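The values are calculated or read from the model by the stated rules, or taken from the named source; none is laboratory data. Only a predicted model underlies this, so the values are computations on that prediction, with no experimental measurement involved. A quick note on method: Cβ atoms are made from the backbone with ideal geometry, for glycine too, and the neighbour counts reach across all protein chains shown. Surface accessibility is based on the protein's heavy atoms, side chains included, excluding ligands, DNA and RNA. Shrake-Rupley method; radii C 1.70, N 1.55, O 1.52, S 1.80 Å.
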Amino acid sequence: MDKNIVKLKKMVEKHLHHSKDEISSFFGQPSRKSDDYIWFFRMYKLNIFHEEIIFNFEEDKVVDIALVIYFLWFKVKSIYYFEHQSSEYKILNF
């Protein structure tokens with residue numbers, strides 16, 4: 001299994017159905033492009049790599065989580081967990 005899917009799976013197991021307060025206490029403040037229904041968090045690894053974690057909220061609870069991998073500010077891979085569609089992981093390679 002892809003290491004990024006494993007990482008997202010751990011995040012889903014740990015943070016799915018958590019409230020906004022629980023997410024903000026764990027990750028801090030979301031980025032400025034966030035709104036009431038979707039929160040973005042950037043995690044920097046090296047100067048050329050970074051990840052973005054995206055939480056979708058419904059009635060103050062996390063329902064969907066995405067992990068986006070960037071290389072030199074270009075999107076390389078997106079991995080999604082959509083609970084309401086079919087509760088599965090989806091990968092988009094760019």
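Criterion first (surrounded by fewer than 16 Cβ atoms within 10 Å (Cβ to Cβ), in contact with a helix residue (DSSP H, G or I) (Cβ under 9 Å, 6 or more places away or on another chain) and over 12 Å from LEU8 (Cβ atoms)) does ASP35 satisfy it? Answer is no for this residue.
Restricted to region 43-69, and to residues there that are surrounded by fewer than 18 Cβ atoms within 10 Å (Cβ to Cβ) and among the aromatic types (Phe, Trp, Tyr), the residue that is farthest from the chain's Cα centre (by Cα) is PHE49. Contact annotation: no residue pair with Cβ atoms under 9 Å, 6 or more positions apart or on different chains, pairs a residue in region 11-34 that is within 15 Å of TYR81 (Cα to Cα) with a partner that is open to solvent by 90 Å² or more (accessible area, probe 1.4 Å) and aliphatic (A, V, I, L, M). Note on region 8-21: residues that are at negative phi and loosely packed, with under 15 Cβ neighbours inside 10 Å amount to 5. Just one residue in the set VAL12, VAL62 is in contact with a helix residue (DSSP H, G or I) (Cβ under 8 Å, 6 or more places away or on another chain) and aliphatic (A, V, I, L, M); that residue is VAL62.
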